[in-house]
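Reading through the structure tokens given below for one structure.
Every number here is computed from the coordinates shown, using simple stated rules; none is lab data. Please read these numbers as outputs of a predicted model, since none were measured by experiment. Methodologically, a virtual Cβ is constructed for each residue, glycine included, from the backbone with ideal geometry; neighbour enumeration extends over all protein chains shown.
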Amino acid sequence: MRRLLILLVLLGLVIAPAQADNARERLNHFFQEMESFQADFEQVVLTEQDEVMQATEGRVYLKRPGQFRWDYEKPYTQQIIADGQFLWTYDEDLAQATVQEMDEVLGRTPVMLLSQPRPLEEDFHVEEQGEIEGMSWLALTPREAGSDFEQLLIGMDGRQVRMMVLYDQFGQQTRIRFGDMDINPDIPASRFRFEPPPGVDVMHN
């Protein structure tokens, strides 16, 4: 869950119609431009031996400050919704929802730090990795010890991000590829609210 939340907010920092010349400047430029976005995603989780543990796809939405929604559509249906105060996880197949206060779940992790407009270099060491498979890559490494991830790679295709690869402390990778992106759309507030359907078991953590 925490790996997903990190990726969800980090992607909100890098998917942008950048105007600067190099990849690092594009990321920093985005802090000043992005207020919301939505995109399709394909997500794959790999073991340390590059074996596929999980493959999913769906659509993601984000709106500053602190609101996001992650809709899994295949191979199962699940929603992760943050309204700025509470974080909901809803599993439709199990008819079960979990609600937590966002500050208790995320605290001072990179997720909360990066949900605010601030230069990347304040929280990360940023290094350009050159061109690989037609994309410009950057590596983000947390400055503070004890982070939930060791490194994040960002693959940029022209002026937009196409891939993100997150490495955790256990050697696992989470890869996300984006498509059909829309920057600064008018997303209704209702998109980030969750009301448990009748009969759903709600657990408070």
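For the listed peptides 190-197, 176-183, a ranking on the average number of other beta carbons within 10 Å per residue, highest first, reads 176-183, 190-197. Phi angles across the stretch 42-54 convert, under the Karplus curve 6.51 cos²θ - 1.76 cosθ + 1.60 with θ = phi - 60°, into 3J(HN,Hα) values of 10, 10, 10, 10, 10, 6, 4, 8, 6, 8, 6, 8, 7 Hz, Gly and Pro given as x.
Scalar couplings 3J(HN,Hα) for the stretch 82-94, obtained by applying the Karplus form with A = 6.51, B = -1.76, C = 1.60 to θ = phi - 60°, are 10, 9, x, 10, 10, 10, 10, 10, 10, 9, 5, 5, 8 Hz; x denotes Gly and Pro.
Here the Karplus curve 6.51 cos²θ - 1.76 cosθ + 1.60, taken at θ = phi - 60°, turns the phi angles of the stretch 161-168 into couplings of 7, 10, 9, 9, 10, 10, 10, 9 Hz, with x standing for Gly and Pro. Here's how it looks for VAL161: its modeled amide H is under 5 Å from those of ALA16, which are all 5 or more places away or on a different chain. Averaging the inverse of every distinct alpha carbon separation and then flipping it gives the Kirkwood radius. What is it for the stretch 151-205, in angstrom units? For the stretch 151-205, inverting the mean 1/r across all distinct Cα pairs yields 15.2 Å.
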